[in-house]
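Student: Just passing along the structure, written as structure tokens.
The values are calculated or read from the model by the stated rules, or taken from the named source; none is laboratory data. This one's a predicted model, so the numbers in the text were calculated from it and none came from an experiment. Backbone-built Cβ (ideal geometry, glycine too); neighbour counts: all protein chains shown. SASA here: full protein model, heavy atoms, side chains in, ligands and nucleic acids out. Shrake-Rupley method; radii C 1.70, N 1.55, O 1.52, S 1.80 Å.
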There are 2 protein chains.
Amino acid sequence: MARTPPTKPRKNALQARSRATVDALLEATARILVREGFEKTSTNRIAEVAGVSVGSLYQYFPSKEALVAAVIERHNEEIMGIVRAALVEVADLPIDKAVRKLVTVAIEAHRVNPKLHRVLAEQIPRTGQLADVEAFNREVHTLVRSYLESRRKEMRKVDLDVATFICVSAIEAVAHNTVLNGAEMLSEKVVKVLVDETTRLVVGYLR
Amino acid sequence: MARTPPTKPRKNALQARSRATVDALLEATARILVREGFEKTSTNRIAEVAGVSVGSLYQYFPSKEALVAAVIERHNEEIMGIVRAALVEVADLPIDKAVRKLVTVAIEAHRVNPKLHRVLAEQIPRTGQLADVEAFNREVHTLVRSYLESRRKEMRKVDLDVATFICVSAIEAVAHNTVLNGAEMLSEKVVKVLVDETTRLVVGYLR
DNA sequence: ATATAATGCGAGCATTCGCTCGCTTTTCCT
DNA sequence: AGGAAAAGCGAGCGAATGCTCGCATTATAT
């Protein structure tokens, strides 16, 4: 039942040259995904753009899916880094300040590479990365939940899991839709209004 | 120009048989998208599952994308019907009652065919249906906005477009995530809690 | 310097896929 | 009944894709 192609690296890159090759391949994959779409993202094309031969590509990635999976992981790790840092920074702040910061960060995180974010979101189910993305969501949920728990005295009585689910969904949706709609032409003023309003939405809900 | 005897009603351009063929093709496409994924959704396979030949398929749909697009349109129309009806029904209700109804309907609409909804959402960019989906979003936005406008006296002072954007995003996200996470195993009790909480979120925000 | 391992190459195989075209069968209309 | 139009058929073409394999080049160790 080997329904999904293997996604683990075929071998580890040891020497500097091979590490550069791997990097070029990942870079090329992300670039093609964004600029030409998933359809045009063939292994031959990736190798061509990376300035590497197909043979070399297959020395490091056992399948096309493995390549996409690696790009997804890299991107997720980048975003998770931002989110984790924000939650640490926010740990001792009262709810209103904390929510404002988290909303701001959510929008920023989506703005890092909106087009890649979008393409990846579309391709995730097909690369067998569902498990990883669920882990990602669970981590966010856990972190936010534990913050809310520490601030329970400022809140009304609610089921913490439900409240976390509602808040994370709402914030994520505003960030996501904002970036999708406005693309890159988001004035700072508009962003500020959205942050204000989303903060109000969430803070008003929590207490 | 001989006159046609008025003894019989005019026949439709499409005969019953061909309408059945088109239907079978759409049904098969949706079915394969859900059960086997986009990768396996080939025109040959669609024809096979529909019990129709590839040649016949191409008599009605000029390309694979056209088929997927037709499925998307059908699905969107179904959902828009539900949403429109709900907004009519809600037009004379106060905000708290109206929001509750809309949240309920949003979750219901997502539950109609969650897996198809998901696959289609992923494939939209690929089928060049982005414009149609944006039209869909715009209609929802317009309808919700005009409801809010009619109830402005119950609300605090807000930019209507921003408020609409925030509310629609939040409600849609909760519905979407609820269905994605819980799949089909959603007890009525859990749904009720989520409706209550989301209603509180949105109503609290609006006033 | 030599041997061994690591890395890189790219033509081409096997397969899949979207789609066409010449033909047959069914339905409609007098 | 008979002819025309509508609907249906499916083998197969051409293009594209993922991937392999035998060989060439470069780095490392002795």
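Student: Mind listing just one residue for me: the one in the range A:35-56 that is part of a helix (DSSP H, G or I), open to solvent by less than 50 Å² (accessible area, probe 1.4 Å) and closer than 27 Å to residue A:114 by Cβ and, of those, nearest to the other protein chains (Cβ to nearest Cβ)?
Tutor: Of all residues in the range A:35-56, those part of a helix (DSSP H, G or I) come to A:35-36, A:43-50, A:54-56.
Okay, now just the ones that are also open to solvent by less than 50 Å² (accessible area, probe 1.4 Å), so A:43, A:46-47, A:50, A:55-56.
Cutting the leftovers down to closer than 27 Å to residue A:114 by Cβ gives us A:43, A:46-47, A:50.
Details: A:43: 15, A:46: 18, A:47: 22, A:50: 24 Å.
Looking at the filtered set, the residue picked out is A:43.
Student: Given the structure, is residue A:191 touching a helix residue (DSSP H, G or I) at 6+ places or on another chain (Cβ under 6 Å), in contact (Cβ under 8 Å) with a residue 60 or more places away in the chain, farther than 15 Å from residue B:204 by Cβ and in the same structural domain as residue A:80 (by TED's automatic domain parsing)? Give the derivation first.
Tutor: Working: touching a helix residue (DSSP H, G or I) at 6+ places or on another chain (Cβ under 6 Å): no; in contact (Cβ under 8 Å) with a residue 60 or more places away in the chain: yes; farther than 15 Å from residue B:204 by Cβ: yes; in the same structural domain as residue A:80 (by TED's automatic domain parsing): yes.
No; evaluated as a whole, the condition is false for this residue.
Student: If you don't mind, another one. Before we move on, is residue A:69 away from DNA strand C (no atom under 15 Å from the Cβ), within 22 Å of residue A:107 (Cα to Cα) and part of a helix (DSSP H, G or I)? Spell out the reasoning first.
Tutor: Numbers: away from DNA strand C (no atom under 15 Å from the Cβ): yes; within 22 Å of residue A:107 (Cα to Cα): no; part of a helix (DSSP H, G or I): yes.
When the stated conditions are applied, residue A:69 does not pass them.
Student: Here's a follow-up. When you check residue B:79 against the structure, is it of a type in the set (Val, Ile, Thr), away from DNA strand D (no atom under 12 Å from the Cβ), buried (at least 16 other Cβ atoms within 10 Å of the Cβ) and over 22 Å from residue B:132 (Cα atoms), yes or no?
Tutor: Details: of a type in the set (Val, Ile, Thr): yes; away from DNA strand D (no atom under 12 Å from the Cβ): yes; buried (at least 16 other Cβ atoms within 10 Å of the Cβ): yes; over 22 Å from residue B:132 (Cα atoms): no.
So residue B:79 fails the test.
Student: Got at least one residue in the range B:149-167 being more than 12 Å from chain A (Cβ to nearest Cβ) and hydroxyl-bearing (Ser, Thr, Tyr)?
Tutor: Yes, the range B:149-167 contains at least one residue that is more than 12 Å from chain A (Cβ to nearest Cβ) and hydroxyl-bearing (Ser, Thr, Tyr).
Student: Can residue B:33 be described as over 30 Å from residue B:101 (Cβ atoms) and more than 18 Å from the chain's Cα centre (by Cα)?
Tutor: Details: over 30 Å from residue B:101 (Cβ atoms): yes; more than 18 Å from the chain's Cα centre (by Cα): no.
When the stated conditions are applied, residue B:33 does not pass them.
Student: Select from the range A:168-188 the residues that are within 11 Å of chain B (Cβ to nearest Cβ) and either among the β-branched types (Val, Ile, Thr) or touching a residue at least 24 places away in the same chain (Cβ under 8 Å) (or both) and list them in ascending order.
Tutor: Residues satisfying the conditions are A:168, A:170, A:171, A:172, A:174, A:175, A:176, A:178, A:180.
Student: Now, a different point. Please work out which one of (1) modelled with pLDDT under 95; (2) within 12 Å of DNA strand C (Cβ to nearest atom); (3) not in a helix (DSSP H, G or I) is the condition residue A:18 fails and give its number.
Tutor: Just one mismatch for residue A:18, condition (3).
Student: Also, I was wondering about something else. Looking only at helices (runs of 4 or more DSSP H) that lie completely in the range A:89-207, which have at least 2 residues being open to solvent by 70 Å² or more (accessible area, probe 1.4 Å) and either of a type in the set (A, V, I, L, M) or farther than 28 Å from residue B:120 by Cα (or both)? Show your work before the answer.
Tutor: On the way: elements: A:95-111, A:114-123, A:130-150, A:160-182, A:188-206.
The qualifying helices (runs of 4 or more DSSP H) are A:95-111, A:130-150, A:188-206.
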